[in-house]
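Engineer: Okay, handing you the structure first.
The values are calculated or read from the model by the stated rules, or taken from the named source; none is laboratory data. A quick note: this is a predicted structure, and the numbers were derived from the prediction, not measured. All Cβ positions, even for glycine, are placed from backbone atoms using ideal geometry, and neighbour counts span all protein chains on display.
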Amino acid sequence: MDFTDFTARFPAAETEAPFSFKRHTTVGIGGCASLGIYPPNAGQLADAVCFLKEKKIPYFVLGNGSNILVSDCGFYGTAVCTKKANAVSVQGGLLYAECGATVGKVLAVATQNGLGGLEFLAGIPATMGGILFMNAGAQNCYIQSVLQYADVLLSGRRVRLSARECGYAYKDSRFMHEDAVLLGCALRVKKSDEDSVRKKYREILKKRSVLPKGRSLGCVFKNLPDLSAGKLIEDCGLKGLRCGGAVVSEKHANFIINDSSATAEEYRSLILRIKKEVFSQTGKLLTEEIRYIGDFTDASDG
Ligand SMILES: Cc1cc2nc3c(=O)[nH]c(=O)nc-3n(C[C@H](O)[C@H](O)[C@H](O)COP(=O)(O)OP(=O)(O)OC[C@H]3O[C@@H](n4cnc5c(N)ncnc54)[C@H](O)[C@@H]3O)c2cc1C
């Protein structure tokens, strides 16, 4: 798009053109969007999205890029980056975070204020918008369990939703199925003291230190009821399976690492091979937790 219109309307928003998903995703894969915009707060983020809608410009809301595989052709439109809309504050028994606040920042503020209850998020490389969108969590604890309310732009209208109204299920939310932009959230926190909160974080980070270190998207597949996807893939003998620069981690079979400039097509090809192999060996169908952005060729089915 001709983005002079955008910069005239939102002078405080930084822009980046072209916007490389390779540089802005944890797996380091993907083409470009013609423009990336960085609204400086949640209010301007909502206004910017309304502006793009009005101009009929396709857009994609990007958090920390830790759960998306973007096509090698990139995304035709504008990447709305939430990272600068990242204010965090404490109000009574609630911690309020704008959507672009990282888990690291939220936990740092909680710790400084001696507030517990959010420790389960430690180590997830995400923004709060992404966490709310994906119903992320760990140790059988998901964001829905501490969410008091979320502020959302729903079909262009700002609304405040309770956790129940967010339609959460395992790795699912109504936001995946509707026209929704998460703007911020209020989380319930418990009064504790800085040392105990810090100790809990350290314990959780220690447990997570066994996870693979390379460039990845975390777990690629959802677990099946009572069955870990990683264990299933491992039992099928697929650790180390490779497609170009994408390889199934030897440490954790639900992680696919980009170990040498993998393309999105290679990464996806490997995902499809795993699904096919697991299905033929066990009759069980894995489904992706990660989200695909942009166009992929069906020919990548290896
Ligand atoms: C090493 C590693 C470890 C991980 N560990 C865990 C874990 O323990 N538990 C877990 O649940 N996940 C884990 N993940 C996956 C990932 O971190 C989560 O899914 C996280 O919630 C994604 O957040 P994000 O900000 O990176 O979102 P992105 O990847 O940027 O986006 C994911 C989706 O959310 C949408 N989105 C993001 N922000 C907004 C917004 N403000 N409004 C509307 N839509 C939005 C995007 O459009 C996209 O569809 C891990 C990933 C990695 C790389």
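Engineer: So which residues in region 236-254 are surrounded by 15 or more Cβ atoms within 10 Å (Cβ to Cβ) and outside any strand (DSSP E or B), if there are any at all? Reasoning before the result, please.
Structural biologist: To start, the set of residues in region 236-254 that are surrounded by 15 or more Cβ atoms within 10 Å (Cβ to Cβ) comprises 236, 238-239, 241-249, 252-254.
Across region 236-254, the qualifying residues are Cys236, Leu238, Lys239, Leu241, Gly244, Gly245, Ser249, His252, Ala253, Asn254.
Engineer: Let me ask something additional. Being out of contact with any helix residue (DSSP H, G or I) (no Cβ under 6 Å at 6 or more places or on another chain), more than 11 Å from the ligand (Cβ to nearest atom) and modelled with pLDDT of 95 or more, is that true of even one residue in region 66-73?
Structural biologist: Yes, there is a match, as at least one residue in region 66-73 is out of contact with any helix residue (DSSP H, G or I) (no Cβ under 6 Å at 6 or more places or on another chain), more than 11 Å from the ligand (Cβ to nearest atom) and modelled with pLDDT of 95 or more.
Engineer: Within the group Ala110, Ala122, Ala97, which residue is in the same structural domain as Gln144 (by TED's automatic domain parsing), closer than 23 Å to Arg160 by Cα and within 15 Å of the ligand (Cβ to nearest atom)? Before the answer, list the steps.
Structural biologist: Working: Ala110 fails: within 15 Å of the ligand (Cβ to nearest atom); Ala122 fails: closer than 23 Å to Arg160 by Cα.
Result: Ala97 is the single residue among Ala110, Ala122, Ala97 that is in the same structural domain as Gln144 (by TED's automatic domain parsing), closer than 23 Å to Arg160 by Cα and within 15 Å of the ligand (Cβ to nearest atom).
Engineer: Kindly indicate whether Leu187 is buried (at least 19 other Cβ atoms within 10 Å of the Cβ) and either within 11 Å of the ligand (Cβ to nearest atom) or among the aromatic types (Phe, Trp, Tyr) (or both).
Structural biologist: Numbers: buried (at least 19 other Cβ atoms within 10 Å of the Cβ): yes; either within 11 Å of the ligand (Cβ to nearest atom) or among the aromatic types (Phe, Trp, Tyr) (or both): no.
So Leu187 does not fit the description; no.
Engineer: Search region 277-298 for residues being of a type in the set (Asp, Glu) and in contact with a Cys (Cβ under 8 Å, 6 or more places away or on another chain), and hand back the single one that is surrounded by the fewest Cβ atoms within 10 Å (Cβ to Cβ). Full working, then the answer.
Structural biologist: Taking region 277-298 first, the residues of a type in the set (Asp, Glu) are 277, 288-289, 295, 298.
Pick out the ones that are also in contact with a Cys (Cβ under 8 Å, 6 or more places away or on another chain) and you get 277, 289, 295.
On the way: Glu277: 17, Glu289: 20, Asp295: 13.
Among those that are of a type in the set (Asp, Glu) and in contact with a Cys (Cβ under 8 Å, 6 or more places away or on another chain), it is Asp295.
A quick yes/no check of all residues on (1) in contact with a Leu (Cβ under 9 Å, 6 or more places away or on another chain); (2) closer than 17 Å to Glu119 by Cβ:
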position: Ser162; (1), (2): yes, no
position: Tyr168; (1), (2): yes, no
position: Ser173; (1), (2): yes, no
position: Asp179; (1), (2): yes, no
position: Leu187; (1), (2): yes, yes
position: Lys191; (1), (2): yes, yes
position: Arg208; (1), (2): no, yes
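Engineer: Can I ask one more? Among (1) touching a Pro at 6+ places or on another chain (Cβ under 8 Å); (2) surrounded by fewer than 18 Cβ atoms within 10 Å (Cβ to Cβ); (3) outside any loop (DSSP other than H, G, I, E, B), where does Ile257 come up short?
Structural biologist: Going through the list (1) touching a Pro at 6+ places or on another chain (Cβ under 8 Å); (2) surrounded by fewer than 18 Cβ atoms within 10 Å (Cβ to Cβ); (3) outside any loop (DSSP other than H, G, I, E, B), Ile257 breaks only (2).
Engineer: If you check every pair at least six apart or on different chains, which have Cβ atoms under 6 Å apart with a residue in region 120-139 that is under 17 Å from Arg208 (Cβ atoms) first and a residue that is assigned to a strand (DSSP E or B) and more than 7 Å from the ligand (Cβ to nearest atom) second?
Structural biologist: Note: pairs meeting the criteria are Phe120/Cys141.
Engineer: Still on this model: Just to be sure I understand the filter: pairs with C-beta atoms under 6 Å, separated by 6 or more residues or on different chains, first member in region 12-30 and over 22 Å from Tyr292 (Cα atoms) and outside the structural domain of Ser249 (by TED's automatic domain parsing), second member within 14 Å of the ligand (Cβ to nearest atom) and among the aliphatic types (A, V, I, L, M). Which pairs pass?
Structural biologist: Ala13/Ile37; Thr15/Ile37
Engineer: Still on this structure, I have one more. Name the residue that is nearest to the ligand (Cβ to nearest atom), counting only residues in region 126-153 that are surrounded by fewer than 18 Cβ atoms within 10 Å (Cβ to Cβ) and in a strand (DSSP E or B).
Structural biologist: Across region 126-153, the extreme among qualifying residues is Ala138.
Engineer: Related question: Given the criteria among the acidic types (Asp, Glu) and in contact with a Gly (Cβ under 8 Å, 6 or more places away or on another chain), does Glu54 qualify?
Structural biologist: Values: among the acidic types (Asp, Glu): yes; in contact with a Gly (Cβ under 8 Å, 6 or more places away or on another chain): no.
Judged against the criteria, Glu54 is not a match.
Engineer: Give the residues of region 108-119 that are more than 12 Å from Val88 (Cβ to Cβ) and either touching a helix residue (DSSP H, G or I) at 6+ places or on another chain (Cβ under 6 Å) or without any contact (Cβ under 8 Å) to a residue 40 or more places away in the chain (or both), sorted by residue number. Outline the logic, then answer.
Structural biologist: Residues of region 108-119 that are more than 12 Å from Val88 (Cβ to Cβ), as a first pass: 114, 116-117, 119.
If the condition is that a residue be more than 12 Å from Val88 (Cβ to Cβ) and either touching a helix residue (DSSP H, G or I) at 6+ places or on another chain (Cβ under 6 Å) or without any contact (Cβ under 8 Å) to a residue 40 or more places away in the chain (or both), then Gly114, Gly116, Glu119 are the ones that fit.
Engineer: Hey, another quick one. Is there a residue in region 194-206 that is under 22 Å from the mean Cα position of the chain (by Cα), in a loop (DSSP other than H, G, I, E, B) and either without any contact (Cβ under 8 Å) to a residue 40 or more places away in the chain or under 24 Å from Gln112 (Cα atoms) (or both)?
Structural biologist: No; the residues of region 194-206 include none that is under 22 Å from the mean Cα position of the chain (by Cα), in a loop (DSSP other than H, G, I, E, B) and either without any contact (Cβ under 8 Å) to a residue 40 or more places away in the chain or under 24 Å from Gln112 (Cα atoms) (or both).
Engineer: On to the next question. I'd like to know if region 160-169 contains one or more residues that are away from the ligand (no atom under 11 Å from the Cβ) and within 30 Å of Ser261 (Cα to Cα).
Structural biologist: Pass one, region 160-169, residues away from the ligand (no atom under 11 Å from the Cβ): 160-169.
So of that shortlist, the ones also within 30 Å of Ser261 (Cα to Cα) come out as none.
Among the residues of region 160-169, not one is away from the ligand (no atom under 11 Å from the Cβ) and within 30 Å of Ser261 (Cα to Cα), which makes the answer no.
Engineer: Where the second residue is of a type in the set (D, E, K, R) and assigned to a loop (DSSP other than H, G, I, E, B) and the first is more than 8 Å from the ligand (Cβ to nearest atom) and lies in region 284-297, which pairs have Cβ atoms under 9 Å and are six or more apart or on separate chains?
Structural biologist: Partner pairs satisfying both residue conditions: Leu286/Lys222; Thr287/Lys222; Glu288/Lys222; Gly294/Asp72; Phe296/Asp72.
Engineer: Kindly list the number of the only condition in (1) over 30 Å from Arg273 (Cα atoms); (2) under 18 Å from the mean Cα position of the chain (by Cα) that fails for Val220.
Structural biologist: Val220 satisfies all of (1) over 30 Å from Arg273 (Cα atoms); (2) under 18 Å from the mean Cα position of the chain (by Cα) except (1).
Engineer: Conditions first: (1) within 30 Å of Val90 (Cα to Cα); (2) within 16 Å of the ligand (Cβ to nearest atom); (3) among the hydroxyl-bearing types (Ser, Thr, Tyr). Tyr267 passes all but one, so which condition is the exception?
Structural biologist: Tyr267 satisfies all of (1) within 30 Å of Val90 (Cα to Cα); (2) within 16 Å of the ligand (Cβ to nearest atom); (3) among the hydroxyl-bearing types (Ser, Thr, Tyr) except (1).
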